[in-house]
Amino acid sequence: MDRNRLETYRSFLKDDIRREVDFSQTDQSRRIPPPPVEKPFDPGSRIVHLPRIQFLQEIGHYDLKTAIADRESYRTFSRTPLTLEELAFLLWTTQGLKLKLNDGYALRTVPSAGCRHPLETYLCVLNVTGLEKGIYRYLPLEHQLLFESEVENLEKRIIRAALGQPWAGDAAVTFIWTAIPYRMEWRYGIASHKVIALDAGHVCQNLYLACEAIGAGTCAIAAYNQQEMDNLLQVDGKEEFTIYLAPVGKKE
């Protein structure tokens, strides 16, 4: 084991934001407007309106202590589809909007360093009632889904991009999170990348617990082919790229 190389990578985990960043030189300090809290989209695009969380009275009633105790990774799912209401609940619990403060800040259901929320949520939809198969993107400000693309042999494509892990294509839906690093870099400069990784962990843990509340399971995936996954989502791989994914399906 190369100890010098290990130490180089470990330093990423030990970054001291106060030491690493000259805050007088960040774009925030230079009074450059913050990037938008949501990736722009064409208003004329194909939109799916999701059930509002306040109307989902029968979704997600589950004791938190029990959910934490029962939480585990699931890689085998039943063929029971997720309902649109259940999907709306999972999206709200992982990236839902609590309050939009202004064009650059919004409070959500998960914590984020400096309220920057650098993640976008894409969905590889395979078995959700009322939705066609395809790639969608969640619009948290509107609580809507944006249809991104129809993909031939979608199950095979997502499995291949996930390095052959079959549960990525056996699930009802696979959540795929991308990072838009500049949202965090605008405030924290070079120290941003540590906290982007932390943000992704917050989001996925909420998904695990929310799945327990609807009789579903998930399994976080960090091993994937970067280029193939980015190509599947049609993101550029530079200013936006995949960092995490999690298949979700009903338990057997």
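Nothing in this text is a laboratory measurement; each read-out follows from the coordinates by a stated rule. Keep in mind the model is a prediction, meaning the values are calculated, not measured. Ideal geometry is used to build each Cβ from the backbone, glycine not excepted, and the neighbour counts take in all protein chains shown.
Numbers for the structure displayed
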{"read-out": "Principal-axis tilt of helix 192-213 within the chain, Cα atoms, nearest 10 degrees", "value": "20 degrees"}
{"read-out": "Cα centroid separation - the range 115-172 against the range 87-111, whole Å", "value": "19 Å"}
{"read-out": "Distance in nm between pseudo-label sites at Glu150 and Glu132 (7 Å out along the Cβ direction from Cα)", "value": "0.4 nm"}
{"read-out": "Proximal aspartates and glutamates relative to Lys14, as straight alpha-carbon distance under 18 Å, when same-chain residues fewer than 8 apart are discounted", "value": "Asp22, Glu185, Asp199"}
{"read-out": "Order of Tyr105, Tyr9 under a 10 Å beta carbon neighbour criterion, fewest first", "value": "Tyr9, Tyr105"}
{"read-out": "Percent RCO, i.e. relative contact order, over the range 45-232, from Cα pairs under 8 Å lying at least 6 residues apart", "value": "29 percent"}
{"read-out": "FRET efficiency for Asp27 and Asp236, using Cβ-Cβ distance with R0 set to 25 Å, rounded to 0.05", "value": "0.80"}
{"read-out": "Packing-based order for 198-208, 36-46, using average beta carbon neighbours within 10 Å, highest first", "value": "198-208, 36-46"}
{"read-out": "Lys251, Lys238, Lys194 arranged by Cβ crowding within 10 Å, fewest neighbours leading", "value": "Lys238, Lys251, Lys194"}
{"read-out": "Candidate lysines - alpha carbon under 26 Å from Lys65, same-chain residues fewer than 8 apart omitted", "value": "Lys98, Lys250, Lys251"}
{"read-out": "Ala67-Asn4 FRET efficiency (beta carbon distance; Förster radius 30 Å; 0.05 resolution)", "value": "0.10"}
